[in-house]
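K.L.:
Take this structure, written in structure tokens, and hold onto it; I'll ask about it next.
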Amino acid sequence: MSRFFANGSDSESESSEEEVPTQFNNKAQNFQFSDDEEEVKRVVRSTKEKRYENLTSIIKTIRNHKKIKDIPNTLSSFEDLTRAYTKALPVISKEENGITPRFYIRCLAELEDFINEVWEDREGRKNLSKNNSKSLGTLRQKVRKYIKDFEDDLARFREAPDQESDVDEGEGDVHDSDADRAGDDSDTGFGVGAKMAELPKAAKSSVQPTKIIADDDDSEDSIDWDPDTESETESSEDENMYQNMRERFLKRTTEKEDKDDDKRKDKRKEQKHKVRKRADDDEDGEGWETVVKGNVVEKPKMFEKDAEIDVPLVLAKLIEIMSARGKKRTDRRLQIDLLFELRDISEQHSLGTAVAIKIHFSIISAIFDYNLKISEPMKLEHWALLLEVMQSMMKLLLANPDINMNESIAEEHEEYATAPFYVRGCPLAAVERLDDEFTKLLKECDPHSNDYVSRLKDEVNVVKTIELVVQYFELSGSNNERCRIYLRKIEHLYYKFDPEVLKRKRGEQQPATGAAGATPAAPVQSSVEVMDKLCKFIYAKDDTDRIRTRAILAHIYHHAMHDNWFQARDLVLMSHLQDNIDAADPSTRILYNRMMANLGLCAFRQENIKDAHHCLVDLMVTGKPKELLAQGLLPQRQHERSAEQEKIEKQRQMPFHMHINLELLECVYLVSAMLLEIPYIAAHEFDARRRMISKTFYQQLRSSERQSLVGPPESMREHVVAAAKAMRCGNWQACANFIVNKKMNTKVWDLFYESERVREMLVKFIKEESLRTYLFTYSNVYTSISIPSLSQMYELPLPKVHSIISKMIINEELMASLDDPSETVVMHRSEPSRLQALAMQFVDKVTNLVDVNEKVFDMKQGNFFQRGNMGNRDRGYNRNQNNQGGNWGGQRRDNRSQRNRNQRGHHKQNQQQNQQQQQQQVHTIDEE
Amino acid sequence: MAQFDLTRINCQYLDRHLTFPLLEFLCGKEIYNQQDLLEYILDTVNKTNMIDYTMDTRKRLNLSQDMPDELVQRKSDVLATLKQLQNEVAPIMKATDILKNGESMKDSKTFVNALQKDYNFKVEHLESAYKLAKYLYECGNYQESTSYLYFCLIVMSPNDKNYLNVLWGKLAAEILTLNWNTALEDLTRLRDYIDSANFSTIQALQQRTWLIHWSVLVFFNHPKGRDLIIEMFLYKPLYLNAIQTMCPHIMRYLATAVVINRTRRNALKDLIKVIQQESYTYRDPITEFLECLYVNFDFEGARLKLHECQTVILNDFFIVACLNEFVEDARLMIFETFCRIHQCITISMLADKLNMKPNEAECWIVNLIRNARLNAKIDSKLGHVVMGTQPLSPYQQLVEKIDSLSMRSEHLAGLIERKSKQKNQESADSWKYY
């Protein structure tokens, strides 16, 4: 029900700009007033009264239950309904030739919609009580099952929900009159339009007074109407259907007036004048006017009838209107209307753009004021209005460079009359607010609905507006302001993927020739270049740290998105962001997390598995990447959020279109963890001090091992785990099949831009790492392995196998050497005796002991001596040894050098180490 | 070949006078059009006061045999200015004599005092001495310029606005007079100054970039330079950073220095990390050679790259002197890596990889074995080299592992002892007052 309902009212507000599609209204009414309608039915078809009455009463209760979201009762009522229907079935088949009555179908449709809506609203669903959610499940299932029998009827119903002919009489009447009125509108509109067209051109002095009179009349007239609509919104619960209905229509006309172009406005006022008279004639009998009149507030008169309209007068009026701002009793809606009217008047009298801009600006702030609660989005109608006003103001500003608009201009220094105009106001703040409002609107929509898409279409307009403001500030604006507006632009740009960039990267000459042929003059800037330009300006000119930090983060994000891995990495390293991101505000930290996630994905695409793992590990290890990326709230187990806290957290959420796919993220992380971890496990199978590279990956492995029966993999995680198991025995083919297959492609890999390349890269890595795992695992079984046969087994080119094995030998991971004439790997692995093995373990433990001792001492001493340094270095050294010491043949000739190197380490390396350390500290968003 | 030529980039970071040797070197290499090069030189020379050199270049360009009037005029102007400047400095000229004999006058303060007392020395004199030195340098009279600069250095306080310029000038003059020992000294002094002075980050980066380029000249000519270049470029984070951000092409010289420095083999690993990191901004045959050899273990690729390296080095002014050393050491590197991986190699294959004839290669290996650098035997019947493998005993491993333990524990014990003693003493001290 609510969907249609909402649609209905939506369309109403939109329809104010066009001619009204009467159908919509009809529909909305049908649902709204179906109660009356039942009664009507009962009267008409009295033979089946009993059954139908029974049905309708149940439907009524269902509707009531739905209203308060009492799901268990809805369920029970639904069961009653089905029973009643089966009872009524014989009657129906007799009376209606077996056609299911429409009201019944409607009820089913509404019920289905209701369930779908509740079901879709995940957040809401989570908050349902246990009882409620349980019955929701059952209800959904039952309704679904039940509805199957009525599929055809339902489909027909949905196609034309309003085809019902037996709407009640009153309603029909109203409709007719409304349609008439609309017709009249247009009729008179033309007539008057012709008349009015002459008016502005006519000599002002003579015409003005009369026109003002007209205006005055108008404003007085419209008073009756405006408050009506107000009261309507408040009294929507009213049971007085007729009035409600009326007001709907009335509201439409007044709104129409609000929004229409200014030039045509006076025309319409004339029309309306006439129309209203007619309407009065028509509808006086129904007596609604007397009911409402009590609420009417006398709207202040715009100007005296014969006042000379000039700049000071308009300004005085403006100040008068604006001074009411923020007061308790002020009717905010009225204010907006008044301002619009003032704008029209000032335009009629051509009082200059400065005044126009001032009024525009006041309108904008009035619209912002309309909504009292910050956390709630503004109304859609206002939003559309706001966008329009904002754009027209910016266009005015751009067209008139002699107007200075600045918030630093004091009220008394404003200048409207002569050439260098000075207006107080800040378009920057306005556009920032506008942008925030837009985000709020988006967050309000259900991301999977069409609403969201239609809202998202406004993004183009928002970007356009921002672009206008950017232009304005590029002409005149301090660095600080430019930085701020650039940041806004960046924030609308950074998450968008521009395929042009990759195309250019692949073939540099391609766009050049294309451009030469098609558009020789304007080589289109790719988004990366735009980004570069904006960010560089901010880096150079910004003096608040926050804007720069955000710009850097967005810049990195954008680079990472377009596979500029090195640039992105260098920016991360050079900015030292990891060091102080913990001190940043939550939204910057969210951006940081998003950046890291994307950087990880980029590293993965660019074949840097290790880096990908590093980037993602701190996001994944907490197990709540969703929360860290602000893509949804997780239910908390220990303590419930307070409403306040929940509100704050909801404000931080990212709008849906900016989300990073979490499954992709997790999959990339797990696969890179697998590629690193499995060979490592194989190499250090018997090592007492083996470390885990990835905790999350281990958890997955373990949870699958705990299962007594492992079926074929279904989810992404199961696929990775199965692949890991295959890799453990060096079976690359199985492993590759588990990672790259149809299911995984649709789930994960196809989300990448160049998915084919990524898959090839993956298979290549799987082959290599499987080969390594194979060598580690089975080297103690062989004395020699032939390289060609290895290359055959792993379908790798011979030099590649050679290179992999050489690397393993050089790194002393594999105790073997190559025999060139016979092309074999000869193993030198010597199994230690029991005693030796124990001795080695013992040594490990003693080393541990010494380590711990030193650590304890360090901790007690603080920074005594440069002991701390020494300890660190030694620990690092031990870790290094540990990496390779596990292999029994392992021999460390270059201990010394290793140690030396650890002492020094150059800059980038240090940074990377820093980064790693940093990554251990997880950047959680605080729960305030 | 021009694609690997760095002269163009290097010249951006060198003083005008320092570029002449590079450009002259290029003239002999026929990489670029001779005519263009000479014109470029002429262009550059015109900006200096070296009239004779200008003339010379003009002759080489076959412009004209006679000196144009404008040049004659300039020459006389230059001489006049020189004269004037020399006159200004004359009063303190004698002072330099004391400087030469008076060993005791090393301390700059006492020296300045003595100057003020005996020669009526004023700050303006210093200024003019600096000007003269600059002018002499402009004229190409580097030798004399150095002596004035030396004087300036001693008298000037490090806070003087010209101090940095003097340092740079001194270094340039010493390089141009091929006085490598003093050049190295000046280099260190300049480096210390840059590191300690309060530059903004950008300025410091710029200064360092310049210093890096100038120092390459010194390092490849000074006998100790080969160690120092590694020390400075690879292990001083500030300079490594400057290389990475400003001038990754310096990696070529760093790589060359590491390759020809047999005693610093362990620097290789660090170098390779840096090369890999920067591979997207800079690569040339020399860095690629190292990458092939130590990252991909692609011996065939390394062989090809080595071949390219030879031409690159031959055409690079900075490192042309190291060509033979480089080739020899690179071969050895290939061979060493080979031996570490293989236990049995055919000589013919080896010869192939090393760009040698089989006979030569055998001879080379024999020499290596004889010098005990290699534990291997040659099986001449099959034409194999068989490596002596050393089976690693667990005992040795064990010993290696516990090697440092006793040392560390002892150290720790010592520290604790000292600490406790200190504490005891403190407590004893505090008791004293009661």
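K.L.:
Over chain B, what is the relative contact order in whole percent, taking alpha-carbon pairs under 8 Å and six or more residues apart? Please report the intermediate quantities before stating the final value.
P.N.:
On the way: 362 pairs, mean separation 43.0, N = 434.
Once divided by the residue count of chain B, the mean separation gives 10 percent.
K.L.:
Helix B:358-370: angle to the longest alpha-carbon principal axis of chain B, degrees 0 to 90, nearest 10?
P.N.:
90 degrees
K.L.:
Are there chymotrypsin sites (Phe, Trp or Tyr not before Pro) in region B:13-74 that DSSP marks as loop and that have at most 10 other Cβ atoms within 10 Å, and which are they? Kindly include the intermediate steps, with their values, before the conclusion.
P.N.:
Values: sites: B:Y13, B:F25, B:Y32, B:Y40, B:Y53; in loops: B:Y13, B:Y32.
Passing both the DSSP loop test and the Cβ count: no residue.
K.L.:
Which far-off residues, 5 or more places away or on another chain, put their amide H under 5 Å from the one on B:A376, with H placed in the peptide plane?
P.N.:
Under 5 Å from the amide H of B:A376: B:G388.
K.L.:
Of the candidates B:L61, B:L398, B:L23, which one comes out as most mobile in a Gaussian network treatment of chain B with C-alpha springs shorter than 10 Å?
P.N.:
In this elastic network of chain B, the residue with the biggest mean-square fluctuation among B:L61, B:L398, B:L23 is B:L398.
K.L.:
Between A:K69 and A:E376, what length comes free when the chain is fully extended (0.36 nm per residue of separation minus the Cα-Cα distance, one decimal in nm)?
P.N.:
Values: separation 307, 0.36 × 307 = 110.52 nm, distance 2.20 nm.
Taking 0.36 nm per residue and subtracting the Cα distance, the gain is 108.3 nm.
K.L.:
Turning to a different aspect of this structure: Below 14 angstrom from the Cβ of A:N131, what's the summed charge of the other residues (Lys, Arg +1; Asp, Glu -1)? Walk me through the numbers on the way to the answer.
P.N.:
Numbers: positive: A:K69, A:R125, A:K130, A:K134; negative: A:D70.
Taking every other residue near A:N131 into account, the sum is +3.
K.L.:
Right, here's the next one. Give me, ordered by chain and number, the residues 5 or more places off A:A816 or on other chains with an amide H under 5 Å from its own placed amide H.
P.N.:
Placed amide hydrogens put A:H828 under 5 Å from A:A816.
K.L.:
A further question follows. Can you tell which of B:H384, B:A351, B:N371 lies farthest toward the positive end of the dipole of region B:342-387, using +1 and -1 charges on the Cβ of basic and acidic side chains (Lys, Arg; Asp, Glu)?
P.N.:
B:N371
K.L.:
From the phi angles alone, apply the Karplus equation (6.51, -1.76, 1.60; θ = phi - 60°) to region A:751-765 and give each ³J(HN,Hα) in whole Hz, x where the residue is Gly or Pro.
P.N.:
So the Karplus estimates, Gly and Pro as x, are 6, 6, 5, 9, 5, 5, 5, 4, 5, 4, 4, 4, 4, 4, 5 Hz.
K.L.:
Using 1/(1 + (r/R0)^6) with R0 = 60 angstrom and r between the beta carbons of B:R418 and B:E185, what's the FRET efficiency to the nearest 0.05? Don't jump to the answer; show the numbers that get you there.
P.N.:
On the way: r = 40 Å, r/R0 = 0.67.
Here the calculated transfer efficiency is 0.90.
K.L.:
What residues have an amide H closer than 5 Å to that of B:T346, excluding those fewer than 5 places away on the same chain, when H is modeled at 1.01 Å from N in the peptide plane?
P.N.:
Close amide H contacts, sequence-distant or interchain: B:V385.
K.L.:
Using a basic spin-label model with each label point 7 Å from the Cα along Cα→Cβ, how many nm lie between A:S476 and A:I319?
P.N.:
If labels sit at A:S476 and A:I319, their model points lie 2.3 nm apart.
K.L.:
When chain B is modelled as a GNM with alpha-carbon springs shorter than 10 Å, which of B:E174, B:E288, B:E185 fluctuates the most?
P.N.:
The residue with the greatest mean-square fluctuation here is B:E185.
K.L.:
Further question: Can you tell me how much longer the chain between A:N131 and A:S833 gets when fully stretched, taken as 0.36 nm per residue apart minus their C-alpha distance, in nm with one decimal?
P.N.:
246.2 nm
K.L.:
Once phi is turned into θ = phi - 60°, what whole-Hz ³J(HN,Hα) does the Karplus curve with 6.51, -1.76 and 1.60 give for every residue of region A:527-544, x standing for Gly and Pro?
P.N.:
Running phi through 6.51 cos²θ - 1.76 cosθ + 1.60 with θ = phi - 60° gives 5, 5, 5, 4, 4, 4, 4, 4, 5, 5, 4, 5, 4, 6, 9, 6, 10, 9 Hz.
K.L.:
Which residue fluctuates the most in chain B, going by a Gaussian network model with Cα springs under 10 Å, if the choices are B:F289, B:F338, B:F233?
P.N.:
Comparing B:F289, B:F338, B:F233 in a Gaussian network model of chain B, the most mobile one is B:F338.
K.L.:
Using the Cα centre of region B:342-387 as the reference point, and only Cβ charges (+1 on K/R, -1 on D/E), how large is the resulting charge dipole? Debye, rounded to the nearest 20. Please report the intermediate quantities before stating the final value.
P.N.:
Working: 6 positive and 4 negative charges, 25 e Å.
I would put it at about 120 debye.
K.L.:
Quickly work out the A:E79-to-A:N400 label distance, labels modelled 7 Å from Cα along the C-beta direction, and quote it in nm with one decimal.
P.N.:
Rounded to a tenth, the inter-label distance reads 7.1 nm.
K.L.:
Right, here's the next one. Just need the relative contact order of region A:661-827 here, percent rounded to a whole number, with Cα pairs under 8 Å and 6+ apart.
P.N.:
Working: 162 pairs, mean separation 36.2, N = 167.
This gives 22 percent for region A:661-827.
K.L.:
Another one. How much net charge surrounds B:N355 when only the other residues with a Cβ under 13 Å from the Cβ of B:N355 are counted, with Lys and Arg +1 and Asp and Glu -1? Working shown, then result.
P.N.:
Numbers: positive: B:R303, B:K305, B:R331, B:K353, B:K357; negative: B:E300, B:E308, B:E328, B:D352, B:E360.
Summing Lys and Arg as +1 and Asp and Glu as -1 gives 0.
K.L.:
Over region A:47-157, what relative contact order in percent results from Cα pairs under 8 Å that are six or more residues apart?
P.N.:
Values: 64 pairs, mean separation 33.7, N = 111.
Once normalised by length, the contact order is 30 percent.
K.L.:
Provide the FRET efficiency to the nearest 0.05 for the B:R74-B:T311 pair, computing r from the beta carbons and using R0 = 45 Å. Numbers along the way, then the final one.
P.N.:
Working: r = 41 Å, r/R0 = 0.91.
E(calc), rounded to 0.05, equals 0.65.
K.L.:
Something else now. Using 1/(1 + (r/R0)^6) with R0 = 45 angstrom and r between the beta carbons of A:E444 and A:A155, what's the FRET efficiency to the nearest 0.05?
P.N.:
Numbers: r = 30 Å, r/R0 = 0.68.
Result of the calculation: an efficiency of 0.90.
Values quoted throughout were computed directly from the atomic coordinates according to the rules given, and no laboratory measurement underlies them. Computed from a predicted model, the values in this text were never measured in an experiment. All Cβ positions, even for glycine, are placed from backbone atoms using ideal geometry, and neighbour counts span all protein chains on display.
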